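What follows is one structure encoded as structure tokens, with my remarks underneath.
We did not get these values from a lab; they are worked out from the coordinates using the rules stated. Everything quoted here is computed from the prediction, not taken from an experiment. Here the Cβ positions follow ideal geometry from the backbone for every residue, glycine too, while neighbour counts run over all protein chains shown.
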Amino acid sequence: MQPSTPTSLEGRRIAVVAARWHAEIVDNAVAALRESLADSGLEVDVFEVPGAFEIPLHVRRLARSGQYAGIAACALVVDGGIYRHEFVAGSVVDALMRIQLETDVPVFSAVLTPHHFHEHEEHRAYFAEHFKVKGTELARAVTATLTGLDRITA
């Protein structure tokens, strides 16, 4: 049996920017991401922001810091009745795409906007489970993207 060799991810850092709006749901994605990356060699730093709208500025500063191989964003954007939640989610995701192209640091999104979210236990439970799945999917995207980018620059 050959000794295991460290992956190209060993010792590298990723940042997670997580909105506090519906934190009891969003934190499921963060926990699943951390759990899924536990054996990857990546170190994870979490930064909390009030809501989804505050995510892009934090992501941009983290990307420009040079400390992170990638940055993930997690939020649940729901219709609050004041403005269209699609506008907020679209603005955030568009900004995240611009940031990754501008900085060459991959940015991953679990900024989700359901068509219909109601403040009752059934929806909160459903989306809590859904965010666990999204956190695991996010971890797979992070490792696949960072590994793929390593092959391009190698």
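The table for this structure:
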{"read-out": "Fewest-first ranking of 133, 59, 92, using other Cβ atoms within 10 Å as the exposure measure", "value": "133, 92, 59"}
{"read-out": "Amide H contacts of residue 43 (H built 1.01 Å from N, under 5 Å, at least 5 apart or other chain)", "value": "11, 12, 13, 14"}
{"read-out": "Fully extended contour minus Cα-Cα distance, from residue 153 to residue 48, at 0.36 nm per residue", "value": "34.6 nm"}
{"read-out": "Interchain or long-range residues, amide H under 5 Å from residue 49's placed H", "value": "18, 19, 20"}
{"read-out": "Whole-number Å³ per residue for the convex hull built on Cα positions in the chain", "value": "112"}
{"read-out": "For residue 70, residues with placed amide H under 5 Å, excluding near neighbours", "value": "15"}
{"read-out": "Potential extension, residue 23-residue 140 segment - 0.36 nm per residue separation minus Cα distance", "value": "39.9 nm"}
{"read-out": "Full-extension gain in nm, residue 126 to residue 65, via 0.36 nm per residue minus C-alpha separation", "value": "18.3 nm"}
{"read-out": "Likely footprinting exposure, 25, 14, fewest C-beta neighbours within 10 Å first", "value": "25, 14"}
{"read-out": "Region 1-71: GluC sites (Glu not before Pro) in DSSP coil with no more than 16 other Cβ atoms inside 10 Å", "value": "10"}
